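Asks: One structure, pasted below without further comment.
Rule-based calculations on the coordinates, nothing more; no lab input. Everything numeric in this text was worked out from a predicted model, so none of it was measured. Counting neighbours? That spans all protein chains shown, and the Cβs are built from the backbone with ideal geometry, glycine included.
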Number of protein chains: 2
Amino acid sequence: MKKGMIKVSAFYPNGGDNTFDMDYYCNKHVPMVAGLLGDAVKGATVEKGLVGGTPKAPAEYAAIGNLYFDSIEAFENSFGANSDAIMADLPNYTNSEPVLQISEVMI
Amino acid sequence: MKKGMIKVSAFYPNGGDNTFDMDYYCNKHVPMVAGLLGDAVKGATVEKGLVGGTPKAPAEYAAIGNLYFDSIEAFENSFGANSDAIMADLPNYTNSEPVLQISEVMI
């Protein structure tokens, strides 16, 4: 992704009683979101947490999902009208509350 | 990046008295790390946190840096010998302690 693009990330906390259905997330949720937001989405990535800073430390996040947009406006315009549908799908793959962040691509 | 690759992320906490020199990080630290680790690094990305889950919420992380490797072994073999030099550069761009995580690329 190019410098200046907007990256919208959802960090799903690991540990405790937290659950995360990676299969559902990759094969149902992300395609659904990409379909709802359409051309505004310039890319989507998903990663699965393996370990933390030391080999025996648990990963901070069980999963991280990222969507790329050309601008904050492009994100807001496409996401706003679909946020209810997107958030309503959350219980289908996790019982955790994701940390959300909007970032700017530097490199 | 391809499914199955290893993504090593450093999340630099935002807020409080935390400082982060994005210019140094992008133009000195990341190139230094990439140079030390050589061909094992298959890609590097950096993002700057803008806002959190709502427009007025601060970003959880001031910056996130990511390196991609073909395998955990490739990361360990290249990083292990250089970890002291890499960690010694930390005070040159931040006073915060990054959250580290190794993830697997799913999408």
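Asks: I'd like the distance between the alpha-carbon centres of segment B:23-84 and segment A:46-94, rounded to an integer number of Å.
Replies: After rounding, the separation between the Cα centres reads 19 Å.
Asks: Which of B:Ile72, B:Tyr61, B:Leu36 sits farthest toward the positive end of the charge dipole of chain B, with +1 on the Cβ of Lys and Arg and -1 on the Cβ of Asp and Glu?
Replies: B:Tyr61
Asks: Short version: ³J(HN,Hα) in whole Hz for each residue of segment B:92-97, in order, from phi by Karplus 6.51 cos²θ - 1.76 cosθ + 1.60 (θ = phi - 60°), x for Gly and Pro, what are they?
Replies: In residue order, the calculated couplings are 6, 9, 7, 9, 9, 9 Hz.
Asks: Also: With respect to the symmetry axis carrying chain B onto chain A, which residue of chain B exhibits the smallest Cβ distance to that axis, and what is the value in whole Å?
Replies: Here the nearest residue and distance are B:Phe11, 4.
Asks: Report, by chain and number, residues whose modeled amide H sits under 5 Å from the one on B:Asn14, excluding near sequence neighbours (fewer than 5 apart, same chain).
Replies: Here the answer is B:Tyr61, B:Ala62, since their amide H atoms fall under 5 Å of that of B:Asn14.
Asks: Based on DSSP H runs of at least 4 residues, each adding -39500 (n - 2.57), what is the mean residue ellipticity at 222 nm of chain B after dividing by all its residues, to the nearest 500 deg cm²/dmol?
Replies: The per-residue figure over chain B is -5500 deg cm²/dmol.
Asks: If you don't mind, another one. Need one value for A:45-55: mean number of C-beta atoms belonging to other chains within 10 Å of its residues' C-beta atoms. Write out the running numbers ahead of the final one.
Replies: Working: counts 6, 6, 13, 6, 6, 8, 5, 4, 8, 1, 3.
Going residue by residue through A:45-55 and averaging, the value is 6.
Asks: Would you kindly work out, in nm and rounded to one decimal, the distances from the label point of A:Lys3 to those of the same position in each other copy, ordered shortest first, with label points 7 Å along Cα-to-Cβ?
Replies: Those label-point separations list as 3.3 nm.
Asks: Pull up all non-local amide H partners of B:Asn82: gap of 5 or more, or a different chain, and H-to-H distance under 5 Å with H placed in the peptide plane.
Replies: Under 5 Å from the amide H of B:Asn82 lies no amide H from a residue far enough along the sequence or on another chain.
Asks: In addition: I'd like the Karplus ³J(HN,Hα) series for segment B:64-80: coefficients 6.51, -1.76, 1.60, θ = phi - 60°, whole numbers in Hz, and an x wherever there's a Gly or Pro.
Replies: 3J(HN,Hα) across segment B:64-80, in whole Hz: 9, x, 9, 10, 10, 9, 6, 7, 4, 4, 5, 5, 4, 5, 8, 7, x.
Asks: I want to check the label-to-label distance for B:Thr54 and A:Lys2. Put each point 7 Å from Cα in the C-beta direction and report it in nm to one decimal.
Replies: Calculated label separation equals 3.4 nm.
Asks: Would you mind checking segment B:53-95 for residues with the amide N under 18 Å from a putative spin-label position 7 Å along Cα→C-beta of A:Leu36?
Replies: What the label zone holds, given the 18 Å backbone N cut-off, is B:53-55.
Asks: Taking Rh as the Kirkwood radius, which is the inverse of the mean 1/r over Cα pairs, what is the Rg/Rh value for chain A?
Replies: On the way: Rg = 14.2 Å, Rh = 14.5 Å.
Answer for chain A: 0.98.
Asks: Further question on the same structure: For B:Ile72, which inter-copy label distances result when the label point lies 7 Å beyond Cα on the Cα-to-Cβ vector, reported in nm to one decimal and in ascending order?
Replies: From this label point to the equivalent ones elsewhere in the assembly: 3.9 nm.
Asks: Please compare each pair in B:Lys2/B:Lys56; A:Lys48/B:Lys28; A:Lys3/B:Lys28; A:Lys7/A:Lys48; B:Lys2/B:Lys48 to a cut-off of 25 Å on the Cα-Cα distance and tell me which ones are over it. Can you show the working numbers first?
Replies: Numbers: B:Lys2/B:Lys56 35 Å; A:Lys48/B:Lys28 29 Å; A:Lys3/B:Lys28 17 Å; A:Lys7/A:Lys48 17 Å; B:Lys2/B:Lys48 23 Å.
Result: B:Lys2/B:Lys56; A:Lys48/B:Lys28 exceed 25 Å.
Asks: Rounded to the nearest 20 debye, what is the charge dipole size of chain B about its Cα centre when +1 sits on each Lys and Arg Cβ and -1 on each Asp and Glu Cβ? Don't skip to the answer; put the middle values down first.
Replies: Details: 7 positive and 13 negative charges, 84 e Å.
With only Lys, Arg, Asp and Glu charged at Cβ, the dipole is about 400 debye.
Asks: Copy-to-copy spacing for B:Asp23, label 7 Å out on the Cα-to-C-beta vector, in nm, shortest first?
Replies: Going from nearest to farthest copy, the values are 5.1 nm.
Asks: A follow-up question, please. Report, by chain and number, residues whose modeled amide H sits under 5 Å from the one on B:Leu50, excluding near sequence neighbours (fewer than 5 apart, same chain).
Replies: Excluding prolines and chain starts, which carry no amide H, the hits are A:Ile102, A:Ser103, A:Glu104.
Asks: Considering every residue in B:24-31, what mean count of other chain Cβ atoms within 10 Å of its Cβ is obtained? Intermediate values should be presented prior to the final figure.
Replies: Working: counts 0, 2, 3, 1, 0, 0, 2, 1.
So the per-residue partner count for this stretch is 1.
Asks: B:Asn92: net charge of surrounding residues, Cβ under 15 Å, Lys/Arg +1, Asp/Glu -1, itself excluded? It would help to have the intermediate numbers written out before the result.
Replies: Numbers: positive: B:Lys28; negative: B:Asp21, B:Asp23, B:Asp84, B:Asp89, B:Glu97.
Neighbourhood net charge equals -4.
Asks: For peptide B:73-79, how many partner chain Cβ atoms fall within 10 Å of a residue's Cβ, on average?
Replies: Values: counts 0, 0, 0, 1, 0, 0, 0.
Average per residue, whole number: 0.
Asks: Could you derive backbone 3J(HN,Hα) for segment B:26-32 from the dihedral phi with the Karplus parameters 6.51, -1.76 and 1.60 (θ = phi - 60°), listing whole Hz in sequence and x where the residue is Gly or Pro?
Replies: 6, 9, 10, 5, 4, x, 5
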